[in-house]
Every structure is written in structure tokens, then in C-alpha cells.
1. I need every pair where a residue in region 73-99 that is of a type in the set (Ser, Thr, Tyr) has its Cβ under 8 Å from the Cβ of a residue that is within 15 Å of the ligand (Cβ to nearest atom), sequence separation at least 6 or different chains.
2. Quick check on region 105-114. Is at least one of its residues assigned to a helix (DSSP H, G or I) and either modelled with pLDDT under 90 or within 15 Å of the ligand (Cβ to nearest atom) (or both)?
3. Given region 1-86, what helices (runs of 4 or more DSSP H) lie entirely inside it while holding 2 or more residues that are within 16 Å of the ligand (Cβ to nearest atom) and at pLDDT 90 or above?
4. Only one of (1) at negative phi; (2) among the hydrophobic types (A, V, I, L, M, F, W, C); (3) loosely packed, with under 10 Cβ neighbours inside 10 Å is not met by residue 94, so which one is it?
Amino acid sequence: MKKVSKLLDEFLEKIIDEHVQYTNNHQGHHRDFAHVMLSLMEPQDAAKELSNIIGIDRTNIKAIILDMLVGAMDTSATAIEWGFSEILRHTRVMKRVQEELREVVGMDRLVEDLIRLEDLDMVMKESMRLHPVAPLLDPTT
Ligand code: HEM
């Protein structure tokens, strides 16, 4: 257990180090969520007041990153897996989703138009209604 938590800690330290290095190389320009959290550790002007309230440090940042990873990975993977298994069982719906993807996104780029993919949206909502990945109002939160 200790070994695993050490490994995990090293992984999180590496993420933070890489973000610190990026910020240093790009004159304090903030790019993603980890950068924003780092900016609250060493606040500039406007963020100073917020940082005094939040009082964020490196350990907090590691805990938040871990929270995001743990909360995001299994939930998303399981929801996608259920979505696939439902459309495999309903080939008429699968064809509609495929057609929509072809029309809206095409075959030459990544899917970036989630808002325009109405059939896919309905499939995922229905799939999560039938197979909730996590209980709503999780008793641990
Ligand atoms: C299909 C995917 C997902 C499902 C089913 C899901 C489900 C949930 C549920 C049920 C809760 C507890 C809500 C509550 O009772 O207050 C929760 C909380 C949370 N989720 Fe997700 N989640 C998903 C994806 C994600 C992703 C992608 C992220 C991060 C990028 C994420 C980060 C979090 C965090 C940080 C919390 C805690 C929020 C808080 O403390 O207020 N989740 N999620």
C-alpha cells in the first residue's frame, strides 16, 4: 500500500513539475486546470484575494488532481461501455448514430461537436438512465 501511494505521489509530483516548467517557459501563461491551481499558489494581482480565501498548496493540488482522475476514469469508461453495449443491442439506433457522426463530424477529424450530436446525446442519456454508473447523491460526498 505504501509503495502504491508513493508511486501515485511521484506521478502527481511529475504532473505538477511539468506544469510548473510549462508556466516558466511560457511567461506565466496558464493553459489548463492544473495551471490555474498553480497560479493560486503564487497569485498575481486579481487572484491574490481569492488565494487568501482558498489557501491552496501543493498537497491540495495533488489531492484535487487525484479526485478528478478517480472521479473521471472509471465512471466515463463504464458509461461508454454501457453506451456501446446498448447500441450493439439496438442496431437501428446504431445506424442513426453512425449517420449523424458521418454528417456532423465526417471521417477526417476528431469528435469536437458534442453539442450538435443529438442522437448520440440521447443514446448516452438513455444508457445512463438504464445503467447508472454511480448512485446520484453519493452518500460519501
Ligand atoms: C459518466 C461519467 C460520470 C458519472 C456517471 C459521474 C458521476 C458522479 C456522481 C454521481 C457524483 C456525486 C455527486 C453528488 O452526489 O454530489 C460525482 C461527483 C464528482 N465527479 Fe463525476 N461523474 C462522471 C464523470 C466525471 C468526470 C469526467 C470528472 C472529472 C473530470 C468527474 C469529477 C467529479 C468530481 C470532482 C466530483 C465531486 C464533486 C463534489 O465534490 O462536489 N466526474 N460524479
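1. Pairs found: 75/133; 75/134; 78/133.
2. As a first pass, look at region 105-114 and keep what is assigned to a helix (DSSP H, G or I): 114.
Within this subset, residues satisfying the condition of being either modelled with pLDDT under 90 or within 15 Å of the ligand (Cβ to nearest atom) (or both) are 114.
Yes, region 105-114 contains at least one residue that is assigned to a helix (DSSP H, G or I) and either modelled with pLDDT under 90 or within 15 Å of the ligand (Cβ to nearest atom) (or both).
3. On the way: elements: 2-25, 33-41, 45-54.
Correct list: 2-25.
4. (3)
The values are calculated or read from the model by the stated rules, or taken from the named source; none is laboratory data. Since the model is a prediction, treat every value here as computed from it, not as a measurement. Please note: Cβ atoms are built from the backbone with ideal geometry, for glycine as well, and neighbour counts cover all protein chains shown.
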